[in-house]
Amino acid sequence: MTVARRPARPRLMRRRRARAWRAALAIALAAGSAGGCGGSGDDADTARAAAPRSTPSGFAAASAGRVTLAHPSGWLPVEPPEGWPFAAELRDGSRVHARVGVIRDVPRPSDADAGVVAAAVDTALRLTVTRYDRGPRRDLRVPGARDAVRVDYTYLDGPGAGEPAKGTDVVLVYGRGESAVVRITGRPATLPPAVVDQIVGTVTVVPGPGG
């Protein structure tokens, strides 16, 4: 007699993806470190003082550790996935149309720049999502960050063949040995580029020990 396997629970699936994500990051970052990639490590030259950014009308402020941002007020805070200290979603019942969150579980060598961290994130996404297609990495000035890049991408999300989705990652390097990713994802019809740009424009790293 054949016993049908029970489908994995959503929480268990998220944990498995998180473990795969961390493993991919560790492998990719180790390769980047061995190759000699990285920033200058000179805080005096690269650190930028964090200036308060105003919250756009109709947006709500949020923070996760030293990373602050703002999102549309209709996006409500939810229990974040493992490794994310913050997440907010635009929902219609159980259906998620858009999400923004901060990922702090991002290991990296202490001398790595945002490009090295972004390469590791890219590797992790290729292992965990379907039909991932990345656009160019663009340097970004984020108050309080030593280095930052923006990466826009598309992929298929959901069960079965999946539905078209898009994402934007703001990869941050700050302080001494700290990094984070602000991730914005959603359906193209419910996540206009202007909203993505507004969220990205509010990202700030507040001052803390180590610069």
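What the table below lists for this structure:
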read-out	value
Residues that are in contact with a Ser or Thr (Cβ under 7 Å, 6 or more places away or on another chain), over 14 Å from THR168 (Cα atoms) and open to solvent by 30 Å² or more (accessible area, probe 1.4 Å), drawn from the stretch 124-146	ARG146
Criterion: touching a helix residue (DSSP H, G or I) at 6+ places or on another chain (Cβ under 7 Å), closer than 14 Å to GLY101 by Cβ, open to solvent by less than 30 Å² (accessible area, probe 1.4 Å) and aliphatic (A, V, I, L, M) - qualifying residue of VAL182, VAL196, VAL200, VAL171	VAL171
Residue identified as part of a strand (DSSP E or B) and either at pLDDT below 95 or among the β-branched types (Val, Ile, Thr) (or both) among ILE184, ILE199	ILE184
Any strands (runs of 3 or more DSSP E) falling wholly within the stretch 65-176 and containing at least 2 residues that are touching a His at 6+ places or on another chain (Cβ under 7 Å)	86-92
ARG146 vs. criteria farther than 19 Å from ALA88 by Cβ and either out of contact with any Asp or Glu (no Cβ under 9 Å at 6 or more places or on another chain) or not aromatic (Phe, Trp, Tyr) (or both)	yes
Residues located in the stretch 110-123, provided they are open to solvent by less than 30 Å² (accessible area, probe 1.4 Å) and of a type outside the set (A, V, I, L, M, F, W, C)	GLY115, ASP122
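The values are calculated or read from the model by the stated rules, or taken from the named source; none is laboratory data. Computed from a predicted model, the values in this text were never measured in an experiment. Every residue, glycine as well, gets a Cβ built from its backbone with ideal geometry; the counts of neighbours run over all protein chains shown. In case anyone asks, the SASA skips ligands and DNA or RNA and just uses the protein heavy atoms, side chains included. Shrake-Rupley method; radii C 1.70, N 1.55, O 1.52, S 1.80 Å.
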